[in-house]
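The values are calculated or read from the model by the stated rules, or taken from the named source; none is laboratory data. This one's a predicted model, so the numbers in the text were calculated from it and none came from an experiment. Backbone-built Cβ (ideal geometry, glycine too); neighbour counts: all protein chains shown.
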Amino acid sequence: MRVLIAAIVGAIIVFIWSAAAHMATPLGTAGVAMLPNEDQVVETLRTNVTKSAVYIFPGMDMQKQPTAEEQKAWEEKLGRGPSGLLVYTAKGLRPPFPNNLIYEFLTVFFSSLIAAIVISRTVGSWFFRAFVVAMFALFTFFSVSASHWIWYHFPTEFICAELIMEFVGYLLAGVAMAKIVPPPAFTSGP
């Protein structure tokens, strides 16, 4: 029961911290910009791109081995620029509230539940166990977000802000969770 309570408390802390970081600090907008000439660009996209997908440009058909000519042409386009990653939804969307908030809370709840289970089995001081929870954020950053920076050129300030928001959020959650969930009690043998 303590693990479940810790997971709920951790999720609430991460959720509130994330909202505050996005709304009250520059972390939420770091590396994010408005699209210049948005109306014209969006109309061009609407007319020419009809399928929802993640688009990489300049593109190359990754399903087949490119010829030397195709590879050279792609490298020239890449060098000339622009290049990018477009997460594109062809149809319109409703404003993201409240469903997205519910889904977001569920994701931080399940993250916190995993962390609570791990620290319930972790021997160590209160601070060490709190730091273990924060290490989950670092693990995720280096296994996912850093790759986005390396391969897809996400803006450095966006990636750094993400690291700060996740690490601080899960460290704060870990502090509370480690207080709620005691370390395992080991008994000595016969």
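The helices (runs of 4 or more DSSP H) found entirely in the stretch 95-190 that carry 2 or more residues being surrounded by 18 or more Cβ atoms within 10 Å (Cβ to Cβ) are 99-120, 126-140, 156-180.
Scanning the stretch 1-22 for residues that are surrounded by fewer than 10 Cβ atoms within 10 Å (Cβ to Cβ) and part of a helix (DSSP H, G or I) turns up nothing. Among the numbered conditions (1) over 18 Å from the mean Cα position of the chain (by Cα); (2) surrounded by 10 or more Cβ atoms within 10 Å (Cβ to Cβ); (3) modelled with pLDDT under 90, the only one that Gly92 does not meet is (2).
Contact annotation: no residue pair with Cβ atoms under 9 Å, 6 or more positions apart or on different chains, pairs a residue in the stretch 1-27 that is free of Cβ contacts under 8 Å to residues at least 60 places away in the same chain and charged (D, E, K, R) with a partner that is exposed (fewer than 14 other Cβ atoms within 10 Å of the Cβ) and outside any helix (DSSP H, G or I). Cβ-Cβ contacts under 9 Å between residues 6 or more apart (or on different chains), taken from a first residue in the stretch 104-115 that is under 16 Å from Met1 (Cβ atoms) and touching a residue at least 40 places away in the same chain (Cβ under 8 Å) to a second residue that is in a helix (DSSP H, G or I) and of a type in the set (Ser, Thr, Tyr), are listed as Ser112/Tyr170.
Can Ser83 be described as surrounded by fewer than 17 Cβ atoms within 10 Å (Cβ to Cβ), among the polar types (S, T, N, Q) and either more than 17 Å from Ala19 (Cα to Cα) or over 21 Å from the mean Cα position of the chain (by Cα) (or both)? Please lay out each step first, then the result.
On the way: surrounded by fewer than 17 Cβ atoms within 10 Å (Cβ to Cβ): yes; among the polar types (S, T, N, Q): yes; either more than 17 Å from Ala19 (Cα to Cα) or over 21 Å from the mean Cα position of the chain (by Cα) (or both): yes.
Yes.
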